[in-house]
Amino acid sequence: MAKVKIYGVPRSRAFRALWLAKELGLDYENVMVDFAGGETRQPAYLTINPNGHVPAIDDNGFVLWESMAINLYLAKKYGLGTLYPKDLEGEARTWQWSFWGMTELERHVLTAMFNRAIYPEDKRDAAAADAAEQELQHPLGVLDTAVTKAPYLIGDDFTAADLNVAAILSWARPARIDFGKFPKAADWLSRCALRPAAKAARDLQR
Ligand SMILES: N[C@@H](CCC(=O)N[C@@H](CS)C(=O)NCC(=O)O)C(=O)O
């Protein structure tokens with residue numbers, strides 16, 4: 001069996017797949033396609049992901065793109081019964097939280113992060129960042145309530161659902177999102193971020 005190839009530098013959304021690979025103890029190879037240098041748009045890479053984005057994976061000839069699809073696939077294939085629930089309802093909850101993270105959180109966290117930390121200072125739009133943080137108030141309340149009822153999103157144990165949402169919220173710190181009103185969500189996020197596999201994936205970003 002060849003190693004699973006994970007395309008994308010660790011400071012990109014490939015971080016999500018790398019964190020999962022570390023959780024799973026997967027034998028993987030990280031192919032350093034860097035979006036900053038335009039490598040995602042080179043013809044060779046476009047045969048892997050025609051969208052010109054990272055991450056993508058190649059699992060023994062099976063090529064897949066979209067970070068959440070990648071993580072759901074890898075977690076089900078290599079972590080069934082541990083990181084990925086075996087029952088239909090648990091699987092559906094994993095999808096629910098993963099799609100929720102992408103649709104309810106991601107854009108707003110990114111907008112705040114770019115306008116508070118990434119763009120050159122003279123290009124930052126403070127009002128756009130504040131509006132994005134405002135948009136996050138309701139979904140962060142939803143998250144806070146969910147992790148008040150149970151330690152993790154699907155119950156007592158950390159699963160791919162937690163990883164996928166926490167990976168999106170790993171941008172919340174540079175985005176300077178205030179979790180003051182969401183103490184349970186803040187506690188859940190730090191429990192996720194302190195996992196050895198999360199730390200190991202962050203180390204790849206240095
Ligand atoms: N929805 C996609 C978004 C992927 C994406 O936009 N990736 C960025 C890096 S984090 C990228 O490849 N940007 C370079 C480009 O679009 O050329 C996913 O979650 O996989």
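The values are calculated or read from the model by the stated rules, or taken from the named source; none is laboratory data. What you are looking at is a predicted structure, and each value in this text was computed from that prediction instead of being measured. FYI the Cβ positions are ideal-geometry reconstructions off the backbone, even for glycines, and counts take in every protein chain you see.
Given the criteria modelled with pLDDT of 95 or more, touching a strand residue (DSSP E or B) at 6+ places or on another chain (Cβ under 8 Å), at negative phi and not polar (S, T, N, Q), does A92 qualify?
no
From the residues in the stretch 52-74 that are within 15 Å of the ligand (Cβ to nearest atom), outside any strand (DSSP E or B) and small (G, A, S), which one is surrounded by the most Cβ atoms within 10 Å (Cβ to Cβ)?
Going through the qualifying residues, I end up with S67.
Which residues, counting only those in the stretch 78-112, are polar (S, T, N, Q) and surrounded by fewer than 17 Cβ atoms within 10 Å (Cβ to Cβ)?
Across the stretch 78-112, the qualifying residues are T82, Q96, T103.
Given (1) in contact with a Ser or Thr (Cβ under 9 Å, 6 or more places away or on another chain); (2) under 30 Å from E29 (Cβ atoms), where does F62 come up short, assuming only one miss?
Unmet for F62, out of (1) in contact with a Ser or Thr (Cβ under 9 Å, 6 or more places away or on another chain); (2) under 30 Å from E29 (Cβ atoms): (1).
I'd like to verify a number: residues in the stretch 1-51 that are of a type in the set (S, T, Y), part of a loop (DSSP other than H, G, I, E, B) and surrounded by 12 or more Cβ atoms within 10 Å (Cβ to Cβ), how many?
Number of matching residues: 1.
In the stretch 139-157, how many residues are in a loop (DSSP other than H, G, I, E, B), hydrophobic (A, V, I, L, M, F, W, C) and either closer than 12 Å to L83 by Cβ or touching a helix residue (DSSP H, G or I) at 6+ places or on another chain (Cβ under 9 Å) (or both)?
Here the count works out to 2.
Quick grid of which residues meet (1) touching a helix residue (DSSP H, G or I) at 6+ places or on another chain (Cβ under 6 Å); (2) buried (at least 22 other Cβ atoms within 10 Å of the Cβ):
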position	(1), (2)
R124	yes, no
Q137	no, no
T159	no, yes
A166	yes, yes
P174	yes, no
K181	no, no
K184	yes, no
S190	no, no
R206	no, no
